[in-house]
Amino acid sequence: MGLIAIDLDGTLINNQHDISQESIKAIQVAQNDGYEVVIATGRSHFDAQKILKGVGLSLYTIGANGATAHSPSGTNILSIEMPRDKVEAIVKWLDDAHLYYELFCDDGIYTPKEARNILYQEIEDARYTATEAEINFMSFHLEKQLGQLGFVFMEQNQDVFQGRHKIYNILAYSFDKHKRQHGWKTFKERKDLTLVTSSPFNFELGHPDASKGNAIGYLAKVLNKTLSVSMAVGDSGNDTSMFGAVSHSYAMANADDEVKAKAKYVTASNDEEGVAQAIYDFLNRIKIK
Ligand code: CA
């Protein structure tokens, strides 16, 4: 038997910030068939597991884009830290570029105390040129971003570099396209980092060994599951590493064309039960085989 890896935002979570009963039912059907259902997200594990608990789900969770994995009861089984000196240099770069960022650590999401003002200001600036629909889209994403569990507001960046915390991932966020592109270009060629995106407004940096795809491979080994009868479903650039790791990959209808091109199949959107459809499609394909 294999595993079923599901991304959260834009995939399992719909645009009402909710997980549908239909999705939960499909997950239970797959579990009853013997599949291990795994969540793979850019979110912190504590944030993701709180969301799952809210709808009565208890699942293996790959967090911080593959830097962590936790058992359903919350035991850590994978932990890929970013080197401290590297984080320090990146943070300095982000500060200089006046970018909002979050450091995903084992015990919280650390962000500079005043950094949110950068995002509020960027939305204000966008009002000069953006349409009302575009502003609403930004506000929707901002609400999601700031609604994560476990924020710790830093007085000084140095707090986090003292050695008490494990740093898994750095997420930079901006409503200013030029700032995002500048960051993307700066870090794109770095072989000592992974660079992915999970939203229209962010880019995320991690350890080069940390990816959702690698973490799935690790979990499959630990749980004795077969990747040649496994599926993954997601909507963003940080999901394509999973697509390469499993036999059956599904992009959401709401994914970018670039992401769709890397998946074997395209399922419905996150507002039209795309996850449930993908799971049933996968189970059927395996049965027919
Ligand atoms: Ca996503």
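None of the figures in this text is laboratory data; all of them are computed from the coordinates on show. Keep in mind the model is a prediction, meaning the values are calculated, not measured. Every residue, glycine as well, gets a Cβ built from its backbone with ideal geometry; the counts of neighbours run over all protein chains shown.
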message: Looking at the chain as a GNM with Cα springs under 10 Å, which of 80, 279, 135 has the largest mean-square fluctuation?
response: 135
message: Would segment 199-279 count as rounded, prolate or oblate if I go by the C-alpha gyration tensor, calling it rounded below 1.5 in a/c and otherwise prolate when a/b exceeds b/c, oblate otherwise?
response: oblate
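Is the shape of segment 130-289 best called rounded, prolate or oblate, per the rule: a/c under 1.5 gives rounded, else a/b larger than b/c gives prolate, else oblate, with a ≥ b ≥ c the square roots of the Cα gyration tensor eigenvalues? Can you show the working numbers first?
Values: a/c = 2.02, a/b = 1.36, b/c = 1.48.
It is oblate, given that a/c is not under 1.5 and a/b is not larger than b/c.
Magnitude of the Cβ-charge dipole of the chain, K/R +1 and D/E -1, about the Cα centre, nearest 20 debye?
Charge dipole of the chain: 980 debye, to the nearest 20.
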- prompt: What is the spin-label model distance, in nm, from residue 265 to residue 98 if the labels are put 7 Å beyond Cα along the C-beta direction?
  reply: 4.8
- request: Please list the radius of gyration and Dmax for segment 58-127, considering alpha-carbon atoms only, with Å as the unit.
  value: 15.7, 45
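Share of antiparallel DSSP beta bridges in the chain, in percent to the nearest 5? If you can, show how the numbers build up before the last one.
Numbers: 23 of 44 bridges.
Of the beta bridges lying entirely in the chain, close to 50 percent run antiparallel.
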query: Given the options 75, 41, 267, which has the most mean-square fluctuation in a GNM of the chain, springs set between C-alpha atoms less than 10 angstrom apart?
result: 75
query: What do you get for Rg/Rh over the chain if you use C-alpha atoms and the Kirkwood form of Rh?
result: 0.96
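Pull out the extension gain between residue 85 and residue 164, defined as 0.36 nm times the separation in residues minus the alpha carbon to alpha carbon distance; nm, one decimal.
Numbers: separation 79, 0.36 × 79 = 28.44 nm, distance 1.44 nm.
That pair, residue 85 and residue 164, stretches by 27.0 nm at full extension.
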- request: Sequence neighbours fewer than 8 away in the same chain don't count; with that in mind, list the lysines whose C-alpha is under 17 Å from residue 191.
  value: 86
field: Spin-label zone in segment 51-78 - amide nitrogen under 15 Å from a point set 7 Å from the Cα of residue 31 along the C-beta vector
entry: 51-61, 71-74
field: Cross-link pairs beyond the 19 Å C-alpha cut-off, checked among 212/262; 25/262; 53/221; 92/179; 113/212
entry: 25/262; 53/221; 113/212
field: Environment charge of residue 171, counting only residues whose C-beta is closer than 13 Å and scoring Lys/Arg +1, Asp/Glu -1
entry: -1
message: Only Cα pairs within less than 10 Å get springs; with that Gaussian network setup on the chain, which residue of 201, 104, 175 has the largest fluctuation?
response: 201
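What does the charge count near residue 107 come to, summing +1 for each Lys or Arg and -1 for each Asp or Glu among other residues with Cβ under 11 Å from its Cβ? Walk me through the numbers on the way to the answer.
On the way: positive: 164, 166; negative: 106.
Charge balance in the 11 Å sphere: +1.
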query: In whole Å, how far is the Cα centre of segment 53-103 from that of segment 183-239?
result: 12
- request: For a footprinting-style exposure proxy, rank 269, 174 by other Cβ within 10 Å, fewest first.
  value: 269, 174
query: Per 5 Å bin from zero, what fraction in whole % of the C-alpha pairs of segment 84-206 is there, up to the bin with the longest pair?
result: 2, 10, 22, 24, 20, 13, 6, 2, 1
query: Helix 84-96 sits at what angle to the longest principal axis of the chain, using alpha carbons and giving 0 to 90 degrees rounded to 10?
result: 60
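Taking the number of other C-beta atoms within 10 Å as the exposure measure, put 272, 143 in order starting with the fewest. List each step's numbers first, then the result.
Numbers: 272 15, 143 10.
Least to most surrounded, the residues fall as 143, 272.
From the square roots a ≥ b ≥ c of the eigenvalues of the alpha-carbon gyration tensor of segment 140-206, which class results: rounded (a/c under 1.5), prolate (a/b over b/c), or oblate?
Details: a/c = 1.96, a/b = 1.17, b/c = 1.68.
Taking the square roots of the gyration eigenvalues as a ≥ b ≥ c, segment 140-206 is oblate.
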